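Enquirer: Pasting in a structure now, in C-alpha cells, and then I'll have a few things to ask.
The values are calculated or read from the model by the stated rules, or taken from the named source; none is laboratory data. As the structure is a computational prediction, the values presented were derived from the model and not from experiment. Using ideal geometry, Cβ is built from the backbone for each residue, glycine included, and neighbour counts are taken over all protein chains shown. Accessible surface areas use protein heavy atoms only, side chains included; no ligands, DNA or RNA. Shrake-Rupley method; radii C 1.70, N 1.55, O 1.52, S 1.80 Å.
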Amino acid sequence: MAIPVPRMTGPQRRQAIIAAAVKLFSERGFRGVTTREIASEVGVTEPVLYHHFPSKQDLYSAIIERKIEQGKDLFSKFEKVCQDPLPIDQFFMDLGLLIVEWHDSDPTFLRLMMFATLEDHELSELFHNQMSHRFNQTLVGAIERHLKGADCHEFNAEIASYTFCSMIGHHCLERLIFKYKFINIPDETAVRSMVNIFLYGLTQRTK
C-alpha cells in the first residue's frame, strides 16, 4: 500500500516552485522552459504557480532573494575578512578560498547565471543590482585599505578587485562547468599560487 505524500504548505510549495525553476533554467536556459513545465516539475497546475508568482518578474526576484538568504553566512565571512586587519597575503588567501567556497556551494546557480548572461536575461541585472554590486563595493574598499602604504605599484582598486576575482573565478568555472582540474593540486595550493602571482608577479621586472 502506497504511503500518502504529505500535502505541502503554501510556503513549502512556493520554495518548491523556486527550486524547480532554478533547476530547469540552469539545465535548459530561460528560453527553453515554460511555466507549465515548472508547474509540472513541482506537481501543481499553472494557476497555482501564478498564485504564488503572478509574473515572471516575481519569480526571478524570488530566485535572487533565495540566493541572498542562502549566502548570508558566506557573505558574513566575506565581510569579516574584509574588515579584519590581516596581512596582505592572508587577506587575499582568505578571500580567494571564500570565492571558491561560494562557487562550490551552489553550482546550479552558477549555471543559471551563465545562461542569464548569455541570453541577456533580466536575472543577470537583478543579480548585479542586489548581490554583485554590494560585494564589489565592499571588496574595493577592503583592497584600498589593505594595500594603502604597501610597497606596490600605483593601482586602481576597482581594477585590482576585478583582476583577482576574475583569476579565482575562472579557476572555479573551469572546474565546475568545463570539468577541468589541476592534477594533484588541491584548491588551497592553487589559490596560494594565484595570490602570489597577483601580488608579486612572475618576475621582478617592472615597466
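Enquirer: By how many nm would the segment from Val48 to Arg192 lengthen if fully extended, with 0.36 nm per residue of separation less the alpha-carbon distance? Working shown, then result.
Expert: Numbers: separation 144, 0.36 × 144 = 51.84 nm, distance 4.97 nm.
46.9 nm is the gain from fully extending Val48 to Arg192.
Enquirer: Next question, about the same structure. Quote the FRET efficiency, to the nearest 0.05, computed for Arg145 versus Arg28 with a Förster distance R0 of 45 Å and r equal to the Cβ-Cβ distance.
Expert: Working: r = 43 Å, r/R0 = 0.96.
It comes to 0.55.
Enquirer: A further question follows. Which whole number of Å³ per residue matches the convex hull of the alpha-carbon atoms in the range 95-172?
Expert: On the way: hull volume 7.9 nm³, N = 78.
It is 101 Å³ per residue.
Enquirer: Can you compute the modelled spin-label distance between Ser132 and Gln12, with each label point 7 Å from Cα toward Cβ, in nm?
Expert: Taking the two extended label points, one gets 3.6 nm.
Enquirer: Sort Phe91, Phe115 by heavy-atom solvent-accessible area, probe 1.4 angstrom, most to least. Let's see the in-between values first.
Expert: Numbers: Phe91 0, Phe115 50 Å².
The most accessible residue leads, giving Phe115, Phe91.
Enquirer: Taking 0.36 nm per intervening residue step and subtracting the Cα-Cα distance, what contour gain separates Asp104 from Glu41 on full extension? Could you put the intermediate results ahead of the total?
Expert: Working: separation 63, 0.36 × 63 = 22.68 nm, distance 2.49 nm.
Full extension of this stretch gives 20.2 nm more.
Enquirer: On the protein heavy atoms, probe 1.4 angstrom, tell me the percent of accessible surface of the chain carried by carbon and sulfur. Present the calculation step by step, with values, prior to reporting the outcome.
Expert: Numbers: 7160 of 13120 Å².
Carbon-and-sulfur percentage of accessible area, whole number: 55.
Enquirer: Using r as the Cβ-Cβ distance of Thr163 and Ser55, and R0 as 30 Å, what FRET efficiency do you calculate, to the nearest 0.05? Present the calculation step by step, with values, prior to reporting the outcome.
Expert: On the way: r = 38 Å, r/R0 = 1.28.
Once the sixth-power term is evaluated, E becomes 0.20.
Enquirer: Between Ile64 and Met114, what is the label-to-label distance in nm when each label sits 7 Å out along the Cα-to-Cβ direction?
Expert: 2.2 nm
Enquirer: Ordered by residue, what ³J(HN,Hα) values in Hz, to whole numbers, does the range 192-201 give under the Karplus form 6.51 cos²θ - 1.76 cosθ + 1.60, where θ = phi - 60° and Gly and Pro are x?
Expert: Karplus-based 3J(HN,Hα) across the range 192-201 equals 4, 5, 5, 4, 5, 5, 5, 7, 10, x Hz.
Enquirer: Here is a follow-up. Heavy atoms only, probe 1.4 angstrom, no DNA, RNA or ligands counted: give me His51, His171 ranked by accessible area, highest first. Could you put the intermediate results ahead of the total?
Expert: On the way: His51 145, His171 15 Å².
Highest to lowest solvent-accessible surface, that is His51, His171.
Enquirer: Counting only the heavy atoms of the protein chains, how much of Asp84 is accessible to a 1.4 Å probe, in Å² to the nearest 10?
Expert: 50 Å²
Enquirer: I would also like to ask the following. If one takes the longest principal axis of the Cα atoms in the chain, at what angle in degrees, from 0 to 90 and to the nearest 10, does the Cα axis of helix 157-176 lie?
Expert: Taking the Cα atoms of the chain, the angle to 157-176 is about 60 degrees.
Enquirer: Now a separate question. Just how much of Ser105 is accessible, in Å², when a 1.4 Å probe is used and the result is rounded to the nearest 10?
Expert: Here the accessible area works out near 70 Å².
Enquirer: Could you calculate the contour length gain from Phe155 to Lys72, that is, 0.36 nm times the residue separation minus the distance between their Cα atoms, to one decimal place in nm?
Expert: On the way: separation 83, 0.36 × 83 = 29.88 nm, distance 3.06 nm.
That works out to 26.8 nm of additional length.
Enquirer: Which whole-Hz couplings ³J(HN,Hα) result when phi for each residue of the range 123-137 is put into the Karplus expression 6.51 cos²θ - 1.76 cosθ + 1.60, θ = phi - 60°, listed in order with x for Gly and Pro?
Expert: Computed from phi, the couplings for the range 123-137 are 4, 5, 5, 4, 4, 5, 5, 9, 10, 5, 4, 5, 4, 5, 4 Hz.
Enquirer: Starting from the alpha-carbon convex hull of the chain, give the projected area averaged over all orientations, in nm².
Expert: In nm², the orientation-averaged hull projection of the chain is 15.7.
Enquirer: Go through His103, Leu118, Gly71 and say which Cα lies farthest out towards the positive end of the charge dipole of the range 47-137; charges sit on Cβ, +1 for Lys and Arg, -1 for Asp and Glu.
Expert: The residue sitting farthest along the positive end of the dipole is Gly71.
Enquirer: Oh, and also: Protein chains only, probe 1.4 Å: how do His170, His128, His52 rank by accessible area, largest first? Can you show the working numbers first?
Expert: Working: His170 105, His128 80, His52 35 Å².
The residues order as His170, His128, His52, largest area first.
Enquirer: Same structure, new question: Quick one: Karplus J couplings for the range 70-82, per residue in order, coefficients 6.51, -1.76, 1.60, θ = phi - 60°, nearest Hz, x for Gly and Pro?
Expert: Values, residue by residue: 5, x, 4, 4, 5, 5, 5, 5, 4, 5, 5, 4, 5 Hz.
Enquirer: Hey, rough spin-label estimate for Leu199 and Phe178, points 7 angstrom out along Cα→Cβ, what's it come to in nanometres?
Expert: 2.7 nm
Enquirer: Rolling a 1.4 Å sphere over the protein heavy atoms, what is the accessible area per residue of the chain, to the nearest Å²?
Expert: It amounts to 63 Å² per residue over the chain.
Enquirer: Give the Kirkwood hydrodynamic radius (Å, one decimal) of the range 156-207, defined as one over the mean of 1/r across all pairs of different Cα atoms. Don't skip to the end; give the middle numbers.
Expert: Working: mean 1/r = 0.0815 Å⁻¹.
After inverting the mean inverse Cα-Cα distance, the result is 12.3 Å.
Enquirer: Something else about it: How much of Thr189 can a 1.4 Å solvent probe reach, expressed as accessible area in Å² and rounded to 10?
Expert: The value for Thr189 is about 70 Å².
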